[in-house]
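Structure record follows, encoded as structure tokens.
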Amino acid sequence: MKRVGRPGLAGILAALCLVPGPIWGAPAAAGPSAPSRPEVPAAEGLPLNPVDAAEALWKAYAERVDLDARTDLLHLEFKPGILSGAVAVSGTSADRGLLAGFYAELSASGLGIESSVEEVPNADDLKRLTWGIVKTPWGSLSSESDALADGRTPELRLPLGSRVELLLNRFNGLVLVKSTEGRVGWMRAKELSLRNDIAIVAWNRRSQVLVTALAAEIEVNGSGDGKTFLKAPFASELPIERKIPDGGWSVILPDGRTGILRAGDAVDHDEFAANEENLRRESPAGFLAKAAQSAEKLASAGWKKSEAGMSLPEGAYRLHDLILPSDPDRQARLGAPLSGGRRGSELKPGDLVFFGENGRVRYSGIWLGKGRFAADDPKRGGAAIFVFSTQPRADANGGLGPFLWAVRPEVSQLANPCLLSIRSHPFNQAPPAGAVRCRLR
């Protein structure tokens, strides 16, 4: 069993068993011995050693395709091959396109490839369970499997009803998954209802409700004389069993039970999504302005990132059927940067604004207009409305730091897979499909 020592996403691949695969680009045997492949000449700009040459090509390739360890599961290691001049490539990949692109570059360089890269998801490993639905109020996702066992704070908290694609089932209580925003990490199997393709199609074909209240509860049916309640966090998604005449819905829980959700805590997602889509197409500026209004309302209503499981910009856009990346630095690359202008004169309500130091994004917010923006306040733990400043001081903008730039999301057609509507997300289709790789600016 091979243990991977790279930091970051590579840590989630610790203890994976690599499955031998075909040999790529290796020379055919001729008689009793195989001819030697010539070493890569130094004139081509690569080291003479095949392993060093492969590692140099891999580093350049990863930088060129903007490989992100949070979302791209492509971890490779290199050793001398069995055949002279070849390099043995091992590791794990969840993106055949990225892996094939790198193999093409290795072959073009003159290097032979002996591949034992494990490609996931693997139907045999998953035993036909290819999808998961969060069945607890929160599902915890972490890039390091040990973090879940140690009780460390997860990197993402996914609300009830969230769908994830299964990449690997270790059958030790942990599964490797991909979330709707493309994040890859480990989750506890006990937090998920594992489904095959047929079961997830049936789930997705039902009309859904989206929880829009900051504190909602579901009264679970069939719980005996006493009432049992299950917390339904903000942005939970659940299929409708039936509408209740006096308001609300009977919803189906991922564990098979049903429960009652009050009308004021959620919206019928089909109606909600259709209205938001029409507004996006008819008036992109009006749609963004509505997102700004929602951000201001959430900040005034006591929004807390720690309780909502997402940042204020994510929450405001989720109220308008859009899924933003969870990390501010990824949000900051959703479009061309705007300088903001004097006192924010170039900005419009709904623009995403970013703050940090030395060009490094640390915080994001939503522009409200009139020199104000809403953002999570790291000092108070809740959200707040701040007065915009262009001063290059660490204490500027309520302690969020200097303003870096802004981004105006292009929402009219949603051609960018980094900015998807809940309704059109591949995971939510019937039949569902894998998420397209998100290529940020």
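The values are calculated or read from the model by the stated rules, or taken from the named source; none is laboratory data. In this text, all values refer to a predicted model and were calculated from it rather than measured experimentally. FYI the Cβ positions are ideal-geometry reconstructions off the backbone, even for glycines, and counts take in every protein chain you see.
Can you tell me which residue is farthest from GLN331 (Cα to Cα) among those in segment 386-411 that are of a type in the set (Phe, Trp, Tyr) and touching a residue at least 40 places away in the same chain (Cβ under 8 Å)?
Checking each candidate, the answer is PHE388.
Might you let me know whether segment 60-77 holds any residue that is among the β-branched types (Val, Ile, Thr), more than 30 Å from GLU307 (Cα to Cα) and not assigned by TED's automatic domain parsing to the domain that holds LEU230?
yes
Taking only segment 139-158 into account, find how many residues are outside any strand (DSSP E or B), aliphatic (A, V, I, L, M) and either modelled with pLDDT of 95 or more or crowded, with 18+ Cβ neighbours inside 10 Å (or both).
Of the residues in segment 139-158, 2 are outside any strand (DSSP E or B), aliphatic (A, V, I, L, M) and either modelled with pLDDT of 95 or more or crowded, with 18+ Cβ neighbours inside 10 Å (or both).
Just to verify a result, which residue in segment 267-298, among those that are over 24 Å from the mean Cα position of the chain (by Cα) and among the polar types (S, T, N, Q), is farthest from ARG205 (Cα to Cα)?
GLN293
So is ALA213 on the phi > 0 side of the Ramachandran plot and within 24 Å of the chain's Cα centre (by Cα) or not?
No: the conditions fail for ALA213.
State the number of residues belonging to segment 387-410 that are surrounded by 18 or more Cβ atoms within 10 Å (Cβ to Cβ), out of contact with any Leu (no Cβ under 7 Å at 6 or more places or on another chain) and of a type outside the set (Gly, Ala, Ser).
So the count comes out to 6.
Considering every residue within segment 296-303, establish whether at least one is surrounded by 16 or more Cβ atoms within 10 Å (Cβ to Cβ), farther than 23 Å from PHE403 by Cα and of a type in the set (D, E, K, R).
Within segment 296-303 (the criterion being surrounded by 16 or more Cβ atoms within 10 Å (Cβ to Cβ), farther than 23 Å from PHE403 by Cα and of a type in the set (D, E, K, R)), the answer is no, since none of the residues qualifies.
Which of the residues spanning segment 69-83 are free of Cβ contacts under 8 Å to residues at least 60 places away in the same chain and either of a type in the set (A, V, I, L, M) or in a loop (DSSP other than H, G, I, E, B) (or both)?
Correct list: LEU74, LEU76, GLY81, ILE82, LEU83.
Return the residue satisfying two criteria in turn: it lies in segment 194-210 and is outside any helix (DSSP H, G or I), within 28 Å of ALA316 (Cα to Cα) and among the polar types (S, T, N, Q), and of such residues it is farthest from the chain's Cα centre (by Cα).
SER207
Which condition does TYR61 not pass, out of (1) in a helix (DSSP H, G or I); (2) under 23 Å from GLU144 (Cα atoms), if it passes all the others?
The failed condition is (2).
Show me the strands (runs of 3 or more DSSP E) found entirely inside segment 84-138 where at least 2 residues are within 19 Å of the chain's Cα centre (by Cα) and within 24 Å of LEU156 (Cβ to Cβ).
Counting at least 2 such residues, we get 86-93, 131-134.
Residues ALA375, ALA336: which one is touching a residue at least 40 places away in the same chain (Cβ under 8 Å) and either out of contact with any Gly (no Cβ under 6 Å at 6 or more places or on another chain) or not assigned by TED's automatic domain parsing to the domain that holds GLU314 (or both)?
The match here is ALA336.
Name the single residue that is nearest to the chain's Cα centre (by Cα) among those in segment 242-256 being surrounded by 15 or more Cβ atoms within 10 Å (Cβ to Cβ) and of a type outside the set (Val, Ile, Thr).
Top of the filtered list is PRO254.
What is the one condition in (1) out of contact with any Lys or Arg (no Cβ under 9 Å at 6 or more places or on another chain); (2) within 30 Å of ASN428 (Cα to Cα) that GLU155 does not satisfy?
Of (1) out of contact with any Lys or Arg (no Cβ under 9 Å at 6 or more places or on another chain); (2) within 30 Å of ASN428 (Cα to Cα), only one is false for GLU155: (1).
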